[in-house]
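Below is one structure, written out as structure tokens, with a few remarks after it.
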Amino acid sequence: MKKKSNPFNITKAVDYTDEELNKYWVDFPMSTGFKGIVKPDSDMPMIILGSKGSGKTHIMKHFSFSSQSLRWKEKIIAGLNEDGYLGTYLRCSGLNGYKFKDKEETTEDWQTIFSYYLELWLSQLLLQNIIKILEDRFLTIPNEHSVTLEIMNLLDTTEVTHNVKSFSHLVKYFNDLQKSIDYAINNKTFTNRNVSETVEILASPGSLIFGIPEILEREVKEFNGIRFLYLLDEYENFTVDQQKYFNTLIRERRNPVCFKIGARRYGMRTYETLSAGEEIKAGSEFEFLDIDSNFRENKSGYKKFISDICIKRLELFGIKILEDQIGQYFEVFDEDAFLKKMQSGDKGHFRELSRKLSLYKFKNIRNRIISNLTFNENILLERINIMLFYREWKKGSDLVLASENIAIACSKYALHKVENEHSKIIQKFKYDILDALARENGEKINTAIGFDNIIKISNGIPRHALIIMKHIFKWNEYYELTTFKSIKSKISAQSQLNAIKDTAKWFIEDARIPGDQGSMAKNSIERLCDYLRELRFADVPPECSISTFSIKSKFVPTEISNIINFLEQYSYIIEVAERRDKNTHSRYDTYQLNGLLAVEWELSLSRRGIIDLNFTTMKSIFIPEDASEFSVMMNAEKIKYNAPFNTNTSPTLFDIFEV
């Protein structure tokens with residue numbers, strides 16, 4: 001069968017051409033859009049942090065000259081003036097910053113060589129943008145030769161280069177200087193000469209990066225008042241020393257130049273400068289933009305943003321959907337249909353209760369208890385009866401009497417909707433009960449399906465939503481179903497669940513942290529998820545809607561703090577709040593699991609109940625001495641929240657086999 005193309009196949013900005021990035025661009029739904037968020041015309045430098053897949057690269061490239069020229073076309077000069085800036089974009093991974101280290105050179109020499117190399121590279125990129133405008137005949141610079149000479153005067157050399165008479169000559173000259181550095185580095189082994197002995201440094205740090213824009217603004221009237229914006233993306237590819245150098249440029253910035261630095265959440269290795277190790281200061285020397293937090297805090301805006309991205313992709317694919325209709329193409333959880341199906345089943349939720357009553361010497365009263373807790377008119381209330389019964393068991397109540405009282409309360413709520421324990425559980429634990437019913441009766445948990453939940457699952461990381469959409473198309477093709485052809489033919493729960501599972505597997509692999517630290521972090525998150533899942537599906541869960549945990553930051557060992565920091569930086573967990581204990585006022589850091597992990601581990605997408613991790617629990621999850629330490633802790637926790645709840649009632653071998 002011929003495979004159909006998928007509008008969500010490409011999810012990474014680096015895989016798009018400039019034309020495709022421009023075509024697929026969707027602005028953030030606020031009055032000023034991303035321009036008001038990124039402020040490309042501002043004179044305040046900005047450090048833009050975002051998770052892998054946050055859209056950081058797409059956003060930064062949108063403010064580059066290549067995108068500006070596509071938007072404004074033949075009106076580029078007027079467009080630059082309206083924008084208020086000219087953006088020069090550099091993807092730092094292209095520099096291969098790690099080649100500027102070791103090889104028997106001192107750190108100071110490498111800093112000097114690297115800073116010179118970067119000056120040459122950024123200068124070429126800026127001048128190439130100007131040349132593009134000149135070649136397209138949207139601008140003429142009658143005194144280009146004299147401007148070129150002024151730029152040459154920025155170099156720390158008295159040597160006259162007669163053949164450099166234009167911007168094109170300048171680019172060629174700078175490129176030759178850059179190549180000579182590459183040659184010296186690449187052939188160091190064969191020449192037996194240190195790079196510092198071979199390379200001549202012809203420019204002081206910042207002389208070209210600041211000097212060329214100053215000359216262009218002064219000598220070319222069309223650039224008067226224009227901000228020359230350098231956009232450095234993937235800053236995490238710079239070493240600590242290289243970041244120190246560029247941090248120094250941020251501190252010593254001169255008009256008309258400004259910087260926007262893009263990095264992954266873990267990408268800022270240092271804020272130090274070369275000025276006696278002083279750090280650049282947020283608020284006075286630069287401002288932060290946390291894209292992830294921006295998306296997560298503006299939930300309605302983020303929802304519309306993801307909807308708009310999907311609609312734009314589908315439209316370019318030939319499928320037109322109205323903005324307010326996209327959610328109608330997805331099957332959503334049908335509570336009534338689910339409960340009706342459970343009602344007609346074999347009530348597996350009573351099997352475990354019956355087994356435990358028999359196992360812990362209550363076999364003689366088992367049938368009376370189950371009869372009292374049975375409520376055929378409403379299986380949701382019936383399952384709530386079981387939860388309330390387990391609570392009474394944990395208290396040490398008379399079990400028969402407790403089951404009778406629960407039955408009376410259940411009938412009262414069903415008939416009159418009185419405020420009682422049943423109503424409280426419905427208010428707080430309803431989806432926990434629904435998911436438990438599915439689990440106990442051999443059904444797939446599908447309360448997380450639907451377009452709105454896909455947006456929730458993505459946790460402010462657009463690529464996660466797009467990859468789920470990509471896999472939805474793949475699974476619908478596998479099932480030979482149409483996608484987005486008609487509201488009547490909805491995307492099935494099965495396709496959605498398969499797509500979410502595939503995306504979760506991709507995320508766990510794609511976000512893998514390299515090295516031993518990464519292995520520790522991965523094992524830790526799996527243990528954490530296992531632990532939270534055991535609590536959520538315990539007989540008496542300690543909290544509702546479990547997917548969030550907190551730690552008392554004052555007592556967290558450095559080793560654990562480092563792992564949690566890694567997990568947060570790689571978006572396995574999301575820092576959501578800081579709270580204080582009501583009595584002691586101790587500070588707790590609170591984190592929610594990434595939505596993909598939550599669904600994979602059958603945890604809640606909502607953030608309600610918070611599990612406080614004590615020291616013993618933290619240690620066994622994050623830094624166990626051996627595999628048994630975590631198992632011992634888990635078993636101790638299971639006893640606390642599952643029947644028979646730390647009682648001395650232990651089954652004999654006869655009881656076990658009798659069950």
Residues of the range 308-322 being surrounded by 12 or more Cβ atoms within 10 Å (Cβ to Cβ) and either in contact (Cβ under 8 Å) with a residue 40 or more places away in the chain or charged (D, E, K, R) (or both), in sequence order, are D308, I309, C310, K312, R313, L314, E315, L316, F317, I319, I321
Within the range 622-643, the residues that are surrounded by 13 or more Cβ atoms within 10 Å (Cβ to Cβ), within 31 Å of the chain's Cα centre (by Cα) and of a type in the set (A, V, I, L, M, F, W, C) are F622, I623, F630, M633, M634
Going through (1) at pLDDT 95 or above; (2) crowded, with 17+ Cβ neighbours inside 10 Å; (3) touching a strand residue (DSSP E or B) at 6+ places or on another chain (Cβ under 9 Å) one by one, F484 fails only at (1)
In the set G94, G87, the lone residue that is more than 30 Å from F190 (Cα to Cα) and assigned by TED's automatic domain parsing to the domain that holds L232 is G87
Requiring at least 2 residues that are out of contact with any Leu (no Cβ under 6 Å at 6 or more places or on another chain) and more than 23 Å from N294 (Cα to Cα), the helices (runs of 4 or more DSSP H) wholly within the range 12-128 are 18-24, 65-72, 76-83
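Working only within the range 181-195, note down all residues that are assigned to a loop (DSSP other than H, G, I, E, B) and not polar (S, T, N, Q).
Residue satisfying the conditions is R193 alone.
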Given the conditions (1) assigned to a helix (DSSP H, G or I); (2) among the aromatic types (F, W, Y); (3) more than 20 Å from L603 (Cα to Cα), every one holds for F484 apart from (1)
Counting only residues in the range 147-162 that are of a type outside the set (S, T, N, Q) and in contact (Cβ under 8 Å) with a residue 24 or more places away in the chain, the one surrounded by the fewest Cβ atoms within 10 Å (Cβ to Cβ) is identified as D156
Checking L139, L202 in turn, the sole residue that is assigned to a loop (DSSP other than H, G, I, E, B), touching an Asp or Glu at 6+ places or on another chain (Cβ under 9 Å) and over 28 Å from P40 (Cα atoms) turns out to be L202
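Take the residues in the range 36-92 that are among the hydroxyl-bearing types (S, T, Y) and more than 26 Å from R251 (Cβ to Cβ), then tell me which one is nearest to the chain's Cα centre (by Cα).
Only one residue fits best here, namely S51.
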Reported set for the range 291-307 where residues are among the basic types (K, R) and either surrounded by 14 or more Cβ atoms within 10 Å (Cβ to Cβ) or assigned to a loop (DSSP other than H, G, I, E, B) (or both) is R296, K303, K304
In the range 507-522, anything closer than 19 Å to I454 by Cβ and buried (at least 18 other Cβ atoms within 10 Å of the Cβ) is listed as F507, A511
Pairing a residue in the range 110-138 that is more than 14 Å from F228 (Cβ to Cβ) with any residue that is acidic (D, E) and at pLDDT below 95, where Cβ atoms lie under 6 Å and the two sit 6 or more apart in sequence or on different chains, gives Q111/D241
Exception for T273 within (1) under 22 Å from F566 (Cβ atoms); (2) more than 26 Å from the chain's Cα centre (by Cα) falls at (1)
Within the range 106-143, of all residues that are of a type in the set (D, E) and surrounded by fewer than 19 Cβ atoms within 10 Å (Cβ to Cβ), the one nearest to F167 (Cα to Cα) is E135
Scanning the range 553-583 residue by residue, those among the charged types (D, E, K, R), touching a helix residue (DSSP H, G or I) at 6+ places or on another chain (Cβ under 9 Å) and modelled with pLDDT of 90 or more turn out to be E559, E575
Condition met for F238 (within 25 Å of the chain's Cα centre (by Cα), in contact (Cβ under 8 Å) with a residue 24 or more places away in the chain and under 30 Å from T140 (Cβ atoms)):
no
Within the range 474-524, residues of a type in the set (A, V, I, L, M) and touching a residue at least 60 places away in the same chain (Cβ under 8 Å) come out as I487, I491, A493, I500, A504, I508, A511, M520
Picked from the range 280-302 (must be more than 22 Å from T57 (Cβ to Cβ) and of a type outside the set (D, E)), the residue farthest from the chain's Cα centre (by Cα) is S284
Filter the range 163-191 for residues that are touching a residue at least 40 places away in the same chain (Cβ under 8 Å) and under 30 Å from I141 (Cβ atoms); the one that is surrounded by the fewest Cβ atoms within 10 Å (Cβ to Cβ) is N175
Quiz prompt | Test: K456 is touching a residue at least 60 places away in the same chain (Cβ under 8 Å) and within 39 Å of the chain's Cα centre (by Cα) | solution = yes
Of the candidates I491, I500, I551, the one satisfying the condition of being more than 23 Å from I623 (Cα to Cα), buried (at least 17 other Cβ atoms within 10 Å of the Cβ) and touching a strand residue (DSSP E or B) at 6+ places or on another chain (Cβ under 6 Å) is I491
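The values are calculated or read from the model by the stated rules, or taken from the named source; none is laboratory data. Because the structure is a prediction, the values reported are computed rather than measured. A quick note on method: Cβ atoms are made from the backbone with ideal geometry, for glycine too, and the neighbour counts reach across all protein chains shown.
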